[in-house]
1. For B:Thr69, A:Thr8, what ranking results if the residue with the fewest other Cβ atoms within 10 Å of its Cβ goes first?
2. Jot down the radius of gyration and Dmax of the protein assembly as shown, Cα atoms only, both in angstrom.
3. Take the alpha carbon gyration tensor of the range B:2-78, find the square roots of its eigenvalues, order them as a ≥ b ≥ c, and report rounded if a/c is under 1.5; if not, report prolate when a/b exceeds b/c, else oblate.
4. Placing a label point 7 Å from Cα toward Cβ, how far apart in nm is A:Leu28 from its equivalents in the other copies, listed shortest first to one decimal?
5. If you plug each phi of the range A:45-50 into the Karplus form 6.51 cos²θ - 1.76 cosθ + 1.60 with θ = phi - 60°, what whole-Hz ³J(HN,Hα) values come out, in order, with x for Gly and Pro?
6. Report the local net charge at A:Glu75: Lys and Arg +1, Asp and Glu -1, summed over other residues whose C-beta lies under 12 Å from its C-beta.
7. Taking only DSSP H segments of four or more residues, each worth -39500 (n - 2.57), what value at 222 nm results for chain B once the sum is divided by all its residues, to the nearest 500 deg cm²/dmol?
8. Roughly how tilted is helix A:16-27, in degrees to the nearest 10 and between 0 and 90, from the longest Cα axis of chain A?
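No lab work stands behind these numbers, since they all come straight from the coordinates. Keep in mind that this is a model prediction, so the values were computed, not measured. As a convention, Cβ positions derive from the backbone with ideal geometry for all residues, glycine included, and neighbour counts pool all protein chains shown.
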2 protein chains.
Amino acid sequence: MKVRIHVTLKDGVLDPQGEAVRHALGQLGFSGVNGVRQGKFLELDLDETDPARAEAAARHMCEKLLANTVIENYEVEIG
Amino acid sequence: MKVRIHVTLKDGVLDPQGEAVRHALGQLGFSGVNGVRQGKFLELDLDETDPARAEAAARHMCEKLLANTVIENYEVEIG
């Protein structure tokens, strides 16, 4: 079963990587870019076939490894 | 207008970062993880209010800066 996970910085947490992208876009001539936030996107292929259990496992993985929950949020999508 | 962009490695391109995550999950006791692919996720806040023009601008940004189209695919979602 495929699981898609987004890990994003919480609001208020400084995002130097996103800021660097915003600056680079400006230098390339793209105007009107007010903000850029950069996060991680993960696609997992799990043996688990039950959607509820796959989601529970993915959330557990986020808590343990994939996200730093002090500064990051995560979202899990199944399928 | 908010634009969400996913940048992912093309099929067949080696993903050492995803492989490292898969290995780390295994060491933490998560079994049944067959594969992990890691990509980037960007949220842009654009001045542009026309969805079609915002999407065109975002695609242009992907081609010029955000994605390496030799090895990466990108997807643009508006709103």
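1. In order of increasing Cβ crowding within 10 Å: B:Thr69, A:Thr8.
2. 16.5, 48
3. prolate
4. 3.2
5. Here the 3J(HN,Hα) series is 10, 9, 5, 3, 10, 7 Hz.
6. Once positives and negatives cancel, what remains is +1.
7. -9000 deg cm²/dmol
8. Helix A:16-27 sits roughly 40 degrees off the main axis of chain A.
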